[in-house]
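Colleague: First the structure, which I've put down as structure tokens, then a few questions once you've had a look.
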Amino acid sequence: MATALRRGRTWWAGSVLGRHLLVALLGLVVVVVVLESASDFRNLQLASMAYLGIAAGGLTVLTGLNGQISLGHGALMAIGAYTTALLLDDRDAGTPLPLVVLAAVAVTLLVGAVVGAAAARLHGPYLAGATLALAVAVPGIALYFKEQLGGEQGLRVVLPDIPTWVLDLAFFVTGQDLTRSRYVACLAWLTLIVTFVLLANLSRTRVGRRWRAVRDDEVAAELAGIRLGRARVSAFVVSAAAAGAAGAMMAITVRLAAPSGFTITLSLTLLTAVVLGGLGSLGGALLGAALLTFLPQVVTDLGVDAGLSDIQAAELAPLVYGLVMVVVVLVAPAGLVGTARTALLRRRLQRAGTGTSTSTSTDTAAPTSTSTTSKGTTT
């Protein structure tokens, strides 16, 4: 038994991919249980949390691991959403969804490569300004090409029929028929899990270490032989691919791709989620997405219960969210997850220090006792 436990600990410590896959499998089981017990409205909310988490995870790679500040991820999501809408329109909605998502990711990745290469020499506020221009310009493209992109009304997304094997598998696993809202939520969360596994493994590779080196000290990284431009472009490309997947899931969830859904507010919201959860943490990105999804509704319901009108309660939600943001920045500058990790690390260090101190005092006292006994024996 002890040998098996020792082997399990060795495998857990040495296999990064194995750990991530095991956590992903457990997360998938939890997602299935939660979605099966939730209503259709809650399923759509959870789907919204999933696509915000995907985009926030990609932004975490760019900002938390590579140190680049982007205010244009809403525009990258728009590219993925419009690609999905063009492939799932009224005329042809029979394209398999996995191919649609891969196409959206590929198109957004290409755009991200172009934008990343153009902005490779920029950093700090200059990069933020360039991506801000992207966030302002991309929604206007849909207004310029009205015939192809639908103008202000946008493009309607037609969800294909659920495959028969998926319906059979869902009924076999859960014993219930699979509704469309639950199907969409399952797609969004499956995409999130796959994306997070890929991002988590990539951050542990040599590429991820290069990103961190560029973030920590550009001069030292360049002296170590790291090409700063290539590292920045690769981080931007990976982040853009995640944003494309998030845009595809958003279009499938909302069933619409319109300029009003991809304003600068969306980009700022994603950056807020990353800051709230904790820079450089995928778990923090998911926590920030959860706050963005559920906190406004909770505050609105509390306002209505307190006697406010629907409009007043709706206006109260951004105020409370802003206050939460200020409190987190002041109390937990590293974000919620980052602060929790720091507290756990300090507690472990304190315990280790206490154990070392106790062991040292015991070892010091032992020779003294022996010496005294020896003297008494000699006497």
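Bear in mind that the values in this text are calculations on the coordinates, not laboratory data. As the structure is a prediction and not an experimental result, all values here were calculated from the model. Reconstructed Cβ throughout: ideal geometry from the backbone, glycine too, with neighbour counts over all protein chains shown.
Colleague: At a 10 Å Cβ-Cβ cut-off, how would you order Val115, Val30, Val324, Val61, fewest neighbours first? Walk me through the numbers on the way to the answer.
Modeller: Details: Val115 21, Val30 11, Val324 15, Val61 27.
Going from least to most buried by this count: Val30, Val324, Val115, Val61.
Colleague: Name all residues of the range 263-279 having a backbone nitrogen under 20 Å from the label point set 7 Å from the Cα of Leu302 along its Cα→Cβ direction, giving them as ranges.
Modeller: 273, 276-277
Colleague: Can you work out the FRET efficiency for the pair Asn201 and Glu152, with r the C-beta to C-beta distance and R0 = 56 Å, to the nearest 0.05? All intermediate terms of the calculation are to be shown ahead of the outcome.
Modeller: Numbers: r = 41 Å, r/R0 = 0.73.
Efficiency at R0 = 56 Å is approximately 0.85.
Colleague: State to the nearest 20 debye the size of the charge dipole of the chain about its Cα centre, where the only charges are +1 on K and R beta carbons and -1 on D and E beta carbons.
Modeller: 1960 debye
Colleague: Please tell me the relative contact order of the chain in percent, rounded to the nearest whole number, where contacts are Cα pairs under 8 Å and at least six residues apart.
Modeller: Working: 526 pairs, mean separation 106.8, N = 379.
Reported relative contact order: 28 percent.
Colleague: Identify, among Thr293, Ala243, Leu336, the residue whose Cα sits farthest towards the positive end of the charge dipole of the chain, taking +1 on the Cβ of Lys and Arg and -1 on the Cβ of Asp and Glu, with the dipole about the Cα centre.
Modeller: Looking along the dipole axis, the top candidate is Leu336.
Colleague: While we're on this one: For a bin width of 5 Å, list the pair-distance distribution of the range 15-263 built from all Cα-Cα distances, rounded to whole %.
Modeller: 1, 7, 13, 17, 17, 15, 12, 9, 6, 3, 1, 0
Colleague: Calculate the spin-label point distance for Asp161 paired with Val219, positioning each point 7 Å from the Cα along the beta-carbon direction, and give it in nanometres.
Modeller: 6.6 nm
Colleague: Also, quick follow-up: What are the residues whose amide H is under 5 Å from the amide H of Leu256, where those residues sit 5 or more places off or on another chain and H is modelled from the backbone?
Modeller: Amide H neighbours of Leu256, under 5 Å, 5+ apart: Val157.
Colleague: Now for a different question. Based on alpha-carbon positions alone, could you give the equivalent ellipsoid semi-axes of the range 228-322 from the gyration tensor, as √(5λ), descending, whole Å?
Modeller: Values: eigenvalues 188, 57, 24 Å².
Rounded to whole Å, the semi-axes are 31, 17, 11.
Colleague: Fewest to most neighbouring Cβ within 10 Å: what's the order for Phe172, Phe294? If you can, show how the numbers build up before the last one.
Modeller: Values: Phe172 8, Phe294 15.
Ordered from fewest to most neighbouring Cβ atoms within 10 Å, Phe172, Phe294 come out as Phe172, Phe294.
Colleague: With each run of n ≥ 4 DSSP H residues scored as -39500 (n - 2.57), what mean residue ellipticity at 222 nm is computed for the chain after dividing by its residue count and rounding to the nearest 500 deg cm²/dmol? Please list the in-between numbers first.
Modeller: Values: 16 runs with 299 residues, N = 379.
Rounded to the nearest 500, it is -27000 deg cm²/dmol.
Colleague: Among Met49, Met77, Met250, rank each residue by its count of other Cβ atoms within 10 Å, from fewest to most, as a rough exposure measure.
Modeller: On the way: Met49 21, Met77 36, Met250 28.
So the residues, fewest neighbours to most, are Met49, Met250, Met77.
Colleague: Binning at 5 Å from 0, report for the range 218-279 what percent of all alpha-carbon pair distances ends up in each bin.
Modeller: Percent of pairs per bin, in order: 4, 14, 14, 20, 17, 13, 8, 5, 4, 1.
Colleague: What percentage of all Cα-Cα pairs in the range 10-140 are separated by more than 26 Å?
Modeller: On the way: 3534 of 8515 pairs.
Roughly 42 percent, once rounded to a whole number.
Colleague: Amide H neighbours of Thr95 under 5 Å, at least 5 residues apart or on other chains, H built in the peptide plane: list them.
Modeller: Result for Thr95 returns nothing.
Colleague: If eta is 1.002 mPa s and T is 20 °C, what Stokes-Einstein diffusion coefficient results for the range 120-175, Kirkwood Rh from Cα pairs, in µm²/s?
Modeller: Values: Rh = 15.4 Å.
After rounding, the answer is 139 µm²/s.
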